[in-house]
Amino acid sequence: MTRHFRLRGTAVAAAACTALLTGLLGTANGAEAARAPALAAPDIPIQQVKAHLGELQSIAEANGGDRAHGRPGYRASLDYIKGQLDSAGFTTTVQEFTQSGTTGYNLVADWPGGDPDAVVMVGSHLDSVTAGPGINDNGSGSAGILEVALAVAQNDLQPAKHLRFAWWGAEELGMVGSKHYVNDLASDERSKIASYLNFDMIGSPNPGYFVYDDDPALEKVFKDWYAARDIPTEIETEGDGRSDHASFKSAGIPVGGLFTGASTRMTSEQAEKWGGQAGAPFDPCYHSSCDTTENIDDTALDNNSDAIAHAVWELST
């Protein structure tokens, strides 16, 4: 990715003066200067996230109707996301593993820079079940973190911590891809992962706003963001331990994440605060052929994509 620098004329002089002052100023007795506040995350354009979902839908339609492990739709989905990231300047790695006698794939993308001994990692599973295209489960999380990663590149983010994004294979078969990734890491590499954030189903059509409570500090990052927008949240329980964050948590890595609900039915109390349909599942098309681009709530997808960006900026800068 080409970096553009626009300082010219007096702007260059101003920059030089600023650099000189920065060098002269300091704290007594060699104390460290106060760190500048973290940059605010950009708004993530919902239409771009939905465009990625449209691509995943088209890939499924062209490959037997699904994007499941061991099927051509999965690899085509991975290739699509990899192409987007390669063009944006990420360093991408495709990691192979075997499940049920079939080769599976994880995609890992590293943004240049940041402290390699303090990694903020963001992930989603990319595979669907064989029953359908898996657009909410989990095209939504995959598309959301993809667009956040592209925002990192578009804003030429220079994080203090190293940023790594991942798309996991064979989650629907028992978190196989993420387990393989974590188990394959040397112990010193595991210890470098400061936090792992997981996003599995963030656009359910009858959505709730659920926040993982596995790590108090990571939970607070999300809950504070929603509270500032008067969006009530609840602790995520339906999918606890059933998605890829479990692979990291079992290795002692702090985890967090978001979820909009699956087959559990919304209560009347939840419907009152979120405006949904009481007695109906959060996602009536969970693991079904109707989990298409029509099975997405745009408001939830938009809010959650922005919350992901906020967490990435807050935790890495």
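The values are calculated or read from the model by the stated rules, or taken from the named source; none is laboratory data. Bear in mind that the values here come from a model prediction, so they are computed numbers and not experimental data. Ideal geometry is used to build each Cβ from the backbone, glycine not excepted, and the neighbour counts take in all protein chains shown. These area figures cover heavy atoms from the full protein model, side chains too; ligands, DNA and RNA do not enter into them. Shrake-Rupley method; radii C 1.70, N 1.55, O 1.52, S 1.80 Å.
The simple Förster model, with R0 at 35 Å and r as the Cβ-Cβ distance, assigns Asp115 and Gln277 a FRET efficiency of 0.15. For the chain, the longest principal axis of the alpha carbon atoms and the long axis of helix 10-24 meet at an angle near 80°.
Distances between placed amide hydrogens fall under 5 Å for Asp215 paired with Val255, all partners being 5 or more residues away or on another chain. Residues whose amide H falls under 5 Å from that of Phe259, counting only those 5 or more places apart or on a different chain, are Phe210, with hydrogens built in the peptide plane. Distant-in-sequence amide contacts of Gln99, defined by a placed amide H-H separation under 5 Å and a gap of 5 or more residues or a different chain, comprise Gly104.
Using the Cβ of Ala41 as centre and a radius below 11 Å, the other residues enclosed give a net charge of -3, where K and R count +1 and D and E count -1. Each principal axis of the Cα cloud of region 197-246 was taken in turn, and the coordinate range along them, longest first, works out to 29, 29, 15 Å. Seen through its C-alpha gyration tensor, with square-root eigenvalues sorted a ≥ b ≥ c, region 167-317 comes out oblate because a/c lies at 1.5 or above while a/b is not bigger than b/c. Distance between the 7 Å Cα→Cβ label points at Ala217 and Arg265: 4.2 nm.
Which peptide among 179-191, 234-246 comes first, and what is the full order, when sorted by highest mean count of other Cβ atoms within 10 Å? Could you put the intermediate results ahead of the total?
Details: 179-191: 14.5, 234-246: 18.7.
Descending mean neighbour count gives 234-246, 179-191.
Give, as a single signed number, the net charge of other residues whose beta carbon lies under 12 Å from the beta carbon of Asn63, with Lys and Arg counted +1 and Asp and Glu -1. Provide the component values of the computation, followed by the final result.
On the way: positive: Arg67, Arg71, Arg75; negative: Glu61, Asp66, Asp79.
Once all neighbours under 12 Å are counted, the net charge is 0.
Here the chain is assigned +1 on the Cβ of each Lys and Arg and -1 on the Cβ of each Asp and Glu. Its dipole about the Cα centre then comes out at about 940 debye. Compute the acute angle (0 to 90°) between the alpha-carbon long axis of helix 72-88 and the principal axis of greatest extent of the alpha-carbon atoms of the chain; round to the nearest 10°. Helix 72-88 sits at roughly 10 degrees to that axis.
With R₀ set to 35 Å, the beta-carbon distance separating Asp43 from Leu185 gives a calculated FRET efficiency near 0.55. In region 29-172, the portion of solvent-accessible area held by carbon and sulfur atoms comes to 46 percent [1.4 Å probe, whole percent, DNA, RNA and ligands not counted]. By the gyration tensor of its Cα atoms, with a ≥ b ≥ c the square roots of the eigenvalues, what is the shape of region 72-199: rounded for a/c under 1.5, prolate for a/b over b/c, or oblate? In terms of gyration-tensor shape, oblate.
Across Ser178, Ser58, Ser268, mean-square fluctuation computed from a Gaussian network of the chain (C-alpha pairs under 10 Å connected) peaks at Ser268. Protection proxy ranking for 308-316, 39-47, using the average of other Cβ atoms within 10 Å per residue and placing the highest first: 308-316, 39-47.
Here the 3J(HN,Hα) profile of region 107-124, calculated from phi with Karplus coefficients 6.51, -1.76 and 1.60 at θ = phi - 60°, is 10, 10, 10, 10, 8, x, x, x, 5, x, 8, 9, 9, 9, 10, 10, x, 8 Hz, Gly and Pro shown as x.
Leu85 sits among other residues whose Cβ lies under 14 Å from its own Cβ, and their net charge, with Lys and Arg +1 and Asp and Glu -1, is -3. For region 37-99, trypsin sites (Lys or Arg not before Pro) are listed when DSSP marks them as loop and at most 11 other Cβ atoms sit within 10 Å of their Cβ; the list is empty. For the pair Glu294 and Gln95, the difference between a 0.36 nm per residue extended length and the Cα-Cα distance amounts to 68.5 nm. For region 120-173, the Kirkwood estimate of the hydrodynamic radius, built from every pair of different alpha carbons, is 12.1 Å. Rolling a 1.4 Å probe across the protein heavy atoms gives region 45-110 an accessible surface of 42 Å² per residue.
Calculated translational diffusion coefficient of the chain (4 °C, 1.567 mPa s; Stokes-Einstein with Kirkwood radius over alpha-carbon pairs) equals 64 µm²/s.
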